[in-house]
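Note sheet for the following structure.
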Amino acid sequence: MKMTFRWYGSGDKVTLGDIRQIPCVKGVVSAIYDTPVGEVWSNESIAKLKADINAAGLEFEVVESVPVHEEIKLGGADAPRLIDNYKENVRRLGEAGVKCICYNFMPVFDWLRSELDRGLSDGSNALAYDHATVLSMNPLTSSLSLPGWDASYDNDGLKDLLARYADIDEEKLWDNLAVFLKEVIPVAEQSGVKMAIHPDDPPWGIFGLPRIITCKDNIARMLAIVDSPANGITLCTGSLGVNPDNDLADMARTFKGRIPFVHLRNIKITGEKCFEESGHRSSEGSLDMYEIIKALIDTGFDGYVRPDHGRMIWGEKGRAGYGLYDRALGAMYLDGIAEAIVKESEVRR
């Protein structure tokens, strides 16, 4: 498996030089952040991003993400134009050597937490989710800085958008996802790109909005819409793992060949629909990272992985969930597990 690291561009407090010093990390996962959602990324911007990453001695083969415009999820009148733009982005990224594109189909909000800096017993802080707190939130007036809250919408625009989603139930969202996949996956095939849909985070409905990429059965349904190796999933252990009914190792085996990208992180379930993010080690949370990685390796996984959300440790300040230190520790821990599993397998043979 190929270890990568998320980087948010030149404004990221974590630099490419920092990432280059993590021994097991060979590539960077990034995107173009200065182009409005739905528009075509310029070849110049893509080339510069790739050149900057390559100049630091790192590979640029994974994009996270090319956002899917809300009009596509809604099936709006402008969806065909926006899907055409999306297909052009896939073509351009394929020409630039990108092999995998991570994206999601979550209405309005990306990953959602009720706390961005919950203090943990070891003195670090981490992202956390309390369902009762979320239920009490008003998405039109909350002062939380939510990663998936499209800043292009003011309160009136957000209110209008949420009102439009009142007519979109899960089946309609499935219909709109099918339209998207049937248009985009053939282009991805032609471009040498594997599309990897990210599970909903958390994997249940919020604020009355439907969420559909939540469990094994739904992932199987999504993959069957277009039965192609280019139509895959991002196996995000933290997103799916907060539902104890989701068996991550089983999913890794079941979806063999359809997992081009994996987000590896641990979480600690603290109650029904409540969790906090923990250190990556199995003993720190509710997930068995060894069994998940073993399932991937046993099924021949050779795709991309990255340590996902980390705690803020050693006094570090920065983008919530995306500091350097804990993610670097996580990368080394995960790589160590993988090395041991591979060597144990070689000895058995």
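The values are calculated or read from the model by the stated rules, or taken from the named source; none is laboratory data. Not measured: the values here are computed from a predicted model. Using ideal geometry, Cβ is built from the backbone for each residue, glycine included, and neighbour counts are taken over all protein chains shown. Just the protein is used for accessible areas: all its heavy atoms, side chains included, with ligands, DNA and RNA removed. Shrake-Rupley method; radii C 1.70, N 1.55, O 1.52, S 1.80 Å.
General remarks:
- Subtracting the Cα-Cα distance of ASP298 and TRP204 from their residue separation scaled by 0.36 nm leaves 30.8 nm.
- Between amide H atoms placed 1.01 Å from N, distances below 5 Å from LYS194 occur with CYS100, ILE101, all of them 5 or more places distant or on a separate chain.
- Largest to smallest accessible area among ARG221, ARG348 [probe 1.4 Å]: ARG348, ARG221
- Once both labels are positioned 7 Å from their Cα atoms along Cα-to-Cβ, the gap between ALA163 and GLU316 label points is 4.4 nm.
- P(r) tail fraction, segment 1-137 - alpha-carbon pairs more than 24 Å apart, %: 45 percent
- Filtered trypsin sites (Lys or Arg not before Pro), segment 296-325: DSSP coil and at most 14 other beta carbons within 10 Å: LYS317
- Helix runs (DSSP H) in the chain reaching 20 Å along axis by Cα, Kyte-Doolittle at least -1.0: 170-191, 325-348
- At a probe radius of 1.4 angstrom, the accessible area of segment 1-101 per residue rounds to 42 square angstrom.
- Placing pseudo-labels 7 Å out from each Cα toward the beta carbon at ARG221 and LYS48 gives an inter-label distance of 4.3 nm.
- Entry note, the chain: relative contact order of 17 percent, from Cα contacts under 8 Å with a spacing of 6+ residues.
- Cα-centre dipole for the chain with unit charges at Cβ (Lys and Arg positive, Asp and Glu negative), debye to 20: 900 debye
- For the chain, the mean residue ellipticity at 222 nm estimated from helices alone is -12000 deg cm²/dmol, where every DSSP H run of n ≥ 4 contributes -39500 (n - 2.57) and the total is divided by all residues, rounded to the nearest 500.
- Entries in LYS26/LYS48; LYS172/LYS216; LYS194/LYS294; LYS172/LYS294 that, when Cα-Cα distance is taken, lie over 26 Å: LYS172/LYS294
- Trypsin sites (Lys or Arg not before Pro) within segment 11-72, DSSP loop, no more than 14 other Cβ atoms inside 10 Å: LYS13
- FRET efficiency, 1/(1 + (r/R0)^6) with R0 25 Å, evaluated for SER10 and ASP117 via beta carbons: 0.50
- Gap separating the Cα centres of segment 21-60 and segment 231-271, nearest whole Å: 25 Å
- Cα gyration tensor category, rounded, prolate or oblate, for segment 277-320 with a/c compared to 1.5: oblate
- Nearby aspartates and glutamates by direct alpha-carbon distance to LYS317 (threshold 19 angstrom, same-chain neighbours under 8 apart not counted): ASP12, ASP18, GLU115, ASP117, ASP122, GLU276, GLU277, ASP308, ASP326
- Of the GluC sites (Glu not before Pro) in segment 265-342, the ones in a loop by DSSP (not H, G, I, E or B) with at most 14 other beta carbons within 10 Å are GLU272.
- Segment 221-327 - Rg and Dmax from Cα coordinates, angstrom: 14.6, 47
- Estimated D of the chain in µm² per second, where Rh is the Kirkwood radius over Cα pairs and Stokes-Einstein applies at 20 °C, 1.002 mPa s: 104 µm²/s
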